[in-house]
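Presented below is the structure to which this report refers.
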C-alpha cells in the first residue's frame, strides 16, 4: 500500500472448493473496483498455476473459462495480480450508482469490496447484481481470509482498522490478518484515527474515530453500545463468531456493515460532538451502533441476497435495535419507534428488491421499518418463547449459508402452530 499515492499492488490467491453439487464450466468473480475508470488494472491471471488469458472483464464481472470442468467437491486455484489507483469518495453524489465508500478522501482510505472474489452459485447460475442508487447488491459466500499488508512509503504509517485479527507483524513491517468464515474483508486507515477498545469475554471491540472536535464522545458511546449489543444478541440469537469487532468512523452519511467490522456515520458523530447532551443525537448514535452490530448475525453469519431480498438482513437488524432498547433503555423504546421509524409514516411491501424501492426513503420505510413492525407483530402473535427459539434455530440452520425468505418461513413454522397468514398479507407482496 502506498498511502500517500492512494494506490496499492496486490497478489491474490483464491482456493475455491466446488460445493455447488455439479460440475462447473466457468467461474465468475466480482471486481467492484472496475466500476471506476482507471482504478483496477489486471496484471496477470493463472488457473491451477497455468497462465490464462481466456477471460472477459465487463463492468464488475470477471468471467473465467476454465480448461476443463471443475467436478463437484474439487478445488481450483486462481491467482491474480493487480493494481488499484483509488478513487475519490463521493458520498453525496446521488447520481452515482456504484458504491460510495470505497476509495479515499482527505481523512481516510477505505478498502471495501476491493479484491476480486468468487460470487455465489445459486439455483444453477452465478449471482452478481448491478449496483443501485441505495441499498446493497452484493451476495457473498463465506470464506477464510489471510491478508498481508505492507506500507511502501508512509512514515509513520496510518492507523489501520480491519475485519481481521492482527496475528503477526514481521521485521519488514508486513502485518498479517486472519478472518475465518467471513463474508467481506475490509481495511480502513487514517493518520487521524484515535482508538479505544473494550473486551467482552474473549472478543476485543475497537472504536476508531477522528482525533479532534470532541469525536471521543460519540466514538466511546458507539463502543459502549456495541459491547452491550454484542452481549444481548449473543444471548438472544447465538454466539458472536470472531475475536475482534471494529467500529469505524466513516466520512459519509450512514452506516455500513462488513465482516467483524462496520462503518458508522460522520454526520451522526459530528452532531453529537457539537451537542453532546442532545438526547436525540445520542439516540441516533446508539441505534445506528445497535443496528450495525446486529448485522454480525444477519449478514455475516446468515447471509441473504441483499439485492433481491434485503429485508432478511435489514428488517432483522432494525428490529434488533428494538431488542437492544427494550433491554438497556426501556424508557426510550417509544421514542426509538418514533425517531427511527414512525415519524416517516412507513408503508410499502417488506419483501421488495432494492430496484423496486422507489427512492431511498420509500425503500427504507418498507424494508427496514415496515419490516421491523412485521417482526414486532409476529413476536406479539406467537409469543416470546417461540419467537426467540425460532431466531436461534434460524441462525443455527442457516449459519454460513445464503438464506431465503422460504428458509425463514420454513424454520419459523417449525416453532409455532399459530396462524399469522394475515400478517403475511399485510406486509408482504409475495405469499410465503
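The values are calculated or read from the model by the stated rules, or taken from the named source; none is laboratory data. Everything quoted here is computed from the prediction, not taken from an experiment. Cβ coordinates were reconstructed from backbone atoms using ideal geometry, including for glycine residues, and neighbour counts include every protein chain displayed.
Summary table below
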item	result
From the options 345, 407, 422, 376, residue that is more than 23 Å from residue 132 (Cα to Cα) and either touching a residue at least 60 places away in the same chain (Cβ under 8 Å) or crowded, with 16+ Cβ neighbours inside 10 Å (or both)	407
Residue list for region 411-421, restricted to those being within 15 Å of residue 388 (Cα to Cα) and outside any loop (DSSP other than H, G, I, E, B)	411, 412, 413
Residue satisfying condition, being over 18 Å from the mean Cα position of the chain (by Cα), surrounded by 23 or more Cβ atoms within 10 Å (Cβ to Cβ) and under 25 Å from residue 100 (Cα atoms), within set 312, 272	272
Filtered residues of region 172-187 (kept if free of Cβ contacts under 8 Å to residues at least 60 places away in the same chain and either under 13 Å from residue 244 (Cβ atoms) or touching a helix residue (DSSP H, G or I) at 6+ places or on another chain (Cβ under 8 Å) (or both))	177, 178
Test: residue in region 338-350 that is in a helix (DSSP H, G or I) and either closer than 30 Å to residue 179 by Cα or at pLDDT below 95 (or both)	no
Residue within region 401-408 that is outside the structural domain of residue 230 (by TED's automatic domain parsing) and farther than 19 Å from residue 237 by Cβ present	yes
Enumeration of residues in region 140-159 that are over 18 Å from the mean Cα position of the chain (by Cα) and either within 20 Å of residue 205 (Cβ to Cβ) or in a strand (DSSP E or B) (or both)	146, 147, 148, 149, 159
Test set (1) at pLDDT 95 or above; (2) buried (at least 16 other Cβ atoms within 10 Å of the Cβ); (3) out of contact with any helix residue (DSSP H, G or I) (no Cβ under 7 Å at 6 or more places or on another chain) - residue 35 fails condition number	(1)
Residue count, region 231-265 (criterion: part of a helix (DSSP H, G or I), touching a strand residue (DSSP E or B) at 6+ places or on another chain (Cβ under 7 Å) and buried (at least 22 other Cβ atoms within 10 Å of the Cβ))	0
Selection from region 66-83 of residues that are under 19 Å from residue 20 (Cα atoms), assigned to a strand (DSSP E or B) and in contact (Cβ under 8 Å) with a residue 40 or more places away in the chain	66, 69, 70, 75, 76, 77, 78
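Listed here are the residues, each with its yes/no results for (1) in the same structural domain as residue 188 (by TED's automatic domain parsing); (2) modelled with pLDDT of 95 or more; (3) over 11 Å from residue 30 (Cβ atoms).
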site: 92; (1), (2), (3): no, no, yes
site: 101; (1), (2), (3): no, no, yes
site: 122; (1), (2), (3): no, yes, yes
site: 138; (1), (2), (3): no, yes, no
